[in-house]
1. With θ set to phi - 60° and the Karplus curve 6.51 cos²θ - 1.76 cosθ + 1.60, what are the ³J(HN,Hα) couplings of the stretch 153-166 in order, to the nearest whole Hz, using x for Gly and Pro?
2. Add +1 for every Lys or Arg and -1 for every Asp or Glu among the other residues with Cβ under 13 Å from the Cβ of residue 344, and state the total.
3. Quick one: work out the % antiparallel among DSSP beta bridges in the chain, nearest 5.
4. Mean residue ellipticity at 222 nm from the helices of the chain, using -39,500 (n - 2.57) per DSSP H segment of n ≥ 4 over the full residue count, to the nearest 500 deg cm²/dmol?
5. Within 10 Å of each residue's Cβ, count the other Cβ atoms and sort 353, 184, 446, 212 from fewest upward.
6. May I ask you to derive the relative contact order of the chain, considering only C-alpha pairs under 8 Å and at least 6 residues apart, and to give it as an integer percent?
7. Quick one: what Rg and Dmax do you get for the stretch 137-278 from the alpha carbons, in Å?
8. Rounded, prolate or oblate, given the Cα gyration tensor of the stretch 363-490, with a/c below 1.5 counting as rounded?
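Read-outs throughout are calculated quantities, based only on the coordinates presented, and are distinct from any laboratory measurement. Values in this document were obtained by computation on a predicted structure and should not be read as measured data. Please note: Cβ atoms are built from the backbone with ideal geometry, for glycine as well, and neighbour counts cover all protein chains shown.
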Amino acid sequence: MRDAGTPHALLDVREKGEFVQEQIFRATPIPRGLLELRVPERIPVKDVPIVVYCDDGYRSDKAAKTLEAMGHTEVAVLAGGIAAWKADGGRVDYGTNVPGKDYGEKVEVLRHTPRLTPDELIARQRRGERLFILDSRTREEFERSHVPGAVSVPGGELPAFATRLLADEENRDATLVVNCAGRTRSILGADLLIRMGLAGVYALENGTAAWTLSGHELERGKGAPAPVGEMDAAAVWEFAQRFAAEEGVASITVDDFERLRARGELIYVIDARLPEEFAAGHLPGSVSVPAGQMALVGDEVIVVNQAPVIFVSASGIRARIAAAVGKQIGYPNCLVLEGGVRAWQASGGALETDAPAGVTPGLDVAMARVQAVSAADLAAELASGGDIQILDVRGSGDYALEHLERSRWIARGELERQIGRYVPQRERRIVVTDDDGRRAALAAHTLSELGYQDVRFLEGGVNAWKSAGYRTLAGLDGADVPLKIAKDDIDMIGRRGPLARDRQDMIDYLTWEIGLGYKYAQS
């Protein structure tokens, strides 16, 4: 299917922490317990071929049945799972967002991206050089911690920001240093500015991780403000058009876009603007993936690689940048909506500000058959000494960050296989929790079908529990899972408390990321 370019999704239905340890290249991690919540948005067309895999076939068989119950008509299980794939010589990888990070290392090796170490950067600052540090991560990441004096310039904004900055006479010979948390967005951001023809551009080698490892302190807070939005300067326009053309990205008119959508085939519409612009109004059905985050987010959204991907921005500049990066990462059918949001509105197209409420298959049935319990009622019952087993069916990383007292963790994908080990008595009261109540309701319904007689789910999940003012615990007590797996079961930006990265974590991560480029250096 891959060799023929047949559109399909390859879903790894194990837990995210397991996926990170070893995965089939270009597979998408959607744990079996999240299929009903994520698949409707990511694979909305029901006749797209879907291949699922796990380690031993148990979860993939269950996942296939779930997908078929959701109405998907072309579902297959990868025989033998990842072990059979490896035995047949298939590529496997460690890590997260591997396609984009692999591309970043390829750029660094083949284009010899200039870089400065933290100490070299500090030495230049002490010499009084005119120098600007441009942090290409998201605003949220920047505000958590950043290099002292850096400016938040999410990657897709770099061409416009640099053009404004260097237009000032005193900045014409300034040095621009692009950084991120590690390597990918630093490298790609610097490469973007170098492709524009700018001189004096560097990537901060190994980003904020290297800054910390070098013994330097990071700052917290909003820091220096940066502009928002698209700049229609001739130089920026010319670069965006040239960049897209060099990577073979074509445009599509609003009329052609409408005709494509009317055919009912699977397409992805990616809004490359900043999240606040997206929230203010976007094309119906579009998904927010800011241009500078494409390398780290694209593989989580574009599940069917071969499907058409339409990129949209205000007028088309950031859409072209994101589409060009997408094409290089490995999405062959990247297109840009000509004229962007402005052209859409000019043609009479409406914008939406809120995503339509998604439908979770099976949730209505589950909630009709299984009783909910409020946070207040559960707290009162626990306080009175009731014999209740609280069962948390989220990922192990979320569990480690916060969970209810007296909880036992079982991932929803392993529920049928593991429940008898921890709750052998079918008459015992069980209250199932998750983050917002949806997975908990589905899991509670499964338990009732397995013969458990007194099962409820926590209405609103852990979120409602915290909002009501009740305490949670951190750590992996009640969860039979290694800390390493739990750390990898959650996005890096969410790591804190017991999952916070230590020095060795940073070293291991950077060593892995640099290693992605070895094959390009050897070739």
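1. Along the stretch 153-166, the couplings run 9, x, x, x, 8, 4, x, 5, 5, 4, 4, 4, 4, 7 Hz.
2. -3
3. On the way: 5 of 54 bridges.
In the chain, approximately 10 percent of DSSP beta bridges are antiparallel ones.
4. For the chain, the value works out to -12000 deg cm²/dmol.
5. Details: 353 9, 184 26, 446 21, 212 18.
In order of increasing Cβ crowding within 10 Å: 353, 212, 446, 184.
6. Values: 1013 pairs, mean separation 77.7, N = 523.
Here the relative contact order equals 15 percent.
7. Both quantities, over Cα of the stretch 137-278: 17.6, 57 Å.
8. On the way: a/c = 1.42, a/b = 1.14, b/c = 1.25.
Note, shape of the stretch 363-490 comes out rounded.
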